[in-house]
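Colleague: Handing you this structure, nothing more for now.
The values are calculated or read from the model by the stated rules, or taken from the named source; none is laboratory data. Because the structure is predicted, anything quoted here is derived from the model rather than measured. Cβ atoms come from the backbone with ideal geometry, glycine included; neighbour counts cover every protein chain shown. Protein only, heavy atoms only, side chains kept; ligands, DNA and RNA dropped before computing areas. Shrake-Rupley method; radii C 1.70, N 1.55, O 1.52, S 1.80 Å.
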Amino acid sequence: MTAERLGGAPGRIPLDALDRDGALTESAERLGSRGEFLRGGAVSIAVGALALPGAARAATHNADEDILNYALSLEYLQAAFYTEAERVGALSGRLAEQARVVGSHERAHVEALQSLLGGRAIKRPRFDFQGVTENPAQFRQTAVAFEDLGTAAYKAEAPKIQNAEYLAAAVRIHSVEARHAAWIRRVAGSVPAPDAFDEPKARPRVERLVASTEFVVADPVTRTSSEPRFTG
Amino acid sequence: MAFQNRRITIETVGGASQAQPDARDPGAGAEFRRRALFGGAGILIGGILIGGLPRLAVSAPSAAQDTEVLNFALQLERLQEAFYAEAEDSLAATGELSEYIRVVGAHERAHRELIEKALGGDAVPAPELDFGDVFASPESFIDAAVALEETAVAAYNGQATNLTPEALATAARIASVEARHASWARGIAGEAPAPRGSDRAIGAARAQTELAELGLVTG
């Protein structure tokens, strides 16, 4: 699919930059030739794409709403990823089950955040997962990265939220993302809970990682004439 | 040890208005009742409840309230640490279950140590623990582990709005690890690792009730 890229040419990053504890690399090493691809220096697999459109961000003056929109951008990414994987149908067994259930959760998170934000919710960007959802091994690796990242992103933002209702909603999603992470790690043969403490990951770093994947291919305000490819 | 005299209910941190037990999640109660029949009978832990704390009304976050909430968390972590330590000693676990017990037990110990350190001289005394026969079989153990981790996740979520941002940042580093444990344990038990899109958030009183239903605490 020909994709309009955001903001010039984002640098691709090696897998290990996303790989907090080596679990992804370990998994990749079990994948043979596919693992070679995943470990390669030009690998851009994984974590994803969340660069928030500047326009949407500027329009949000309330700090809490800015945080919720950031969370929404991550949920859009995750929801689209699992929805596409389910639609493509290349997964089977435990992976397919994970994609189906987790996808339904991520779509629910999107709806919950949209509901909290009302008319101030950012719009959904367009995604291109570049075939990752069609390959079970790549799907699995990317899902591990997404879920660990999502958990770390919510963790970094939660203490900044002022509104109690927003905070209560955010922490209840935060722990679900952690469940997802443990789930897909277990499926991947990695330790579901690799550390005694999960560490937060600051927004600029998350957004850089997301941008590096090139999964987000179009700003939601893009003047494309085509419909979004995925609506998860 | 006259611990009984120190026991009061943990409702001191239980009145959280944001804690919305199961109003939106009617299935959770049934889940716990089922588990209580299955896995929990026989565990007896006296004095897990927080003793000697002032009955602060739950209100805007403050350093004093942080202390109270962290003491509640400390007792939860002590309970979990002891639970897994006992499992390691008395359960003939193999394979993934053995790994789960070892890894998660080490996490709970680290959580307890961090919270104890944060509280310093404000930490309440450790409870006396008296486990029963929940470790009789891997099945009864993992059911109890699922229930215990579920309560821990919901309890941490329920306290989020009671904490100052600094204390919340610490608690959140633990809370998601408890959620990973819950997911892992559920997977071992053959259940959906993430049964709902939004996790429960419960107050301390509800947490106490759930642990009591499991036989994990008395009173």
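Colleague: Can we say A:Val102 is modelled with pLDDT of 95 or more and within 14 Å of chain B (Cβ to nearest Cβ)? First the steps, then the outcome.
Modeller: Numbers: modelled with pLDDT of 95 or more: yes; within 14 Å of chain B (Cβ to nearest Cβ): yes.
So A:Val102 passes the test.
Colleague: For the range B:178-219, what are the residues that are in a helix (DSSP H, G or I), touching a Leu at 6+ places or on another chain (Cβ under 8 Å) and either among the β-branched types (Val, Ile, Thr) or within 12 Å of chain A (Cβ to nearest Cβ) (or both)?
Modeller: Result: B:Ile188, single match.
Colleague: Separate question: Residues being outside any helix (DSSP H, G or I), within 15 Å of the chain's Cα centre (by Cα) and of a type in the set (Val, Ile, Thr): count how many of those fall in the range B:99-128. Outline the logic, then answer.
Modeller: Narrowing the range B:99-128 to residues outside any helix (DSSP H, G or I): B:123-128.
From what's left, within 15 Å of the chain's Cα centre (by Cα): B:126-127.
In the following step, the residues that additionally are of a type in the set (Val, Ile, Thr) were identified as none.
Count: 0.
Colleague: Residues in the range B:176-199 that are over 24 Å from B:Ala93 (Cα atoms) and open to solvent by 10 Å² or more (accessible area, probe 1.4 Å): how many?
Modeller: Residues in the range B:176-199 being over 24 Å from B:Ala93 (Cα atoms) and open to solvent by 10 Å² or more (accessible area, probe 1.4 Å): 4 in total.
Colleague: How many residues does the range A:161-199 hold that are within 7 Å of another protein chain (Cβ to nearest Cβ) and not acidic (Asp, Glu)?
Modeller: Qualifying residue count for the region: 21.
Colleague: Out of the residues in the range B:141-169 meeting the condition of being more than 9 Å from every other protein chain (Cβ to nearest Cβ) and either β-branched (Val, Ile, Thr) or without any contact (Cβ under 8 Å) to a residue 12 or more places away in the chain (or both), tell me which one is surrounded by the most Cβ atoms within 10 Å (Cβ to Cβ).
Modeller: Only one residue tops the list, namely B:Thr151.
Colleague: Still on this structure: Can you find a residue that is surrounded by 15 or more Cβ atoms within 10 Å (Cβ to Cβ), of a type in the set (Ser, Thr, Tyr) and under 30 Å from B:Thr161 (Cβ atoms) anywhere in the range B:100-117?
Modeller: no
Colleague: Exactly one of these conditions fails for A:Glu97: (1) open to solvent by 30 Å² or more (accessible area, probe 1.4 Å); (2) part of a helix (DSSP H, G or I); (3) under 21 Å from A:Ser73 (Cβ atoms). Give me its number.
Modeller: Of the numbered conditions (1) open to solvent by 30 Å² or more (accessible area, probe 1.4 Å); (2) part of a helix (DSSP H, G or I); (3) under 21 Å from A:Ser73 (Cβ atoms), the odd one out for A:Glu97 is (3).
Colleague: If you scan the range A:132-179, which residues turn out to be touching a His at 6+ places or on another chain (Cβ under 8 Å) and farther than 22 Å from B:Pro195 by Cα?
Modeller: Scanning the range A:132-179 gives a single hit, A:Ala158.
Colleague: Open to solvent by less than 10 Å² (accessible area, probe 1.4 Å) and touching a residue at least 60 places away in the same chain (Cβ under 8 Å): is that true of A:Phe129 in this structure?
Modeller: Working: open to solvent by less than 10 Å² (accessible area, probe 1.4 Å): yes; touching a residue at least 60 places away in the same chain (Cβ under 8 Å): yes.
Considered against the rule, which asks whether it is open to solvent by less than 10 Å² (accessible area, probe 1.4 Å) and touching a residue at least 60 places away in the same chain (Cβ under 8 Å), A:Phe129 comes out as yes.
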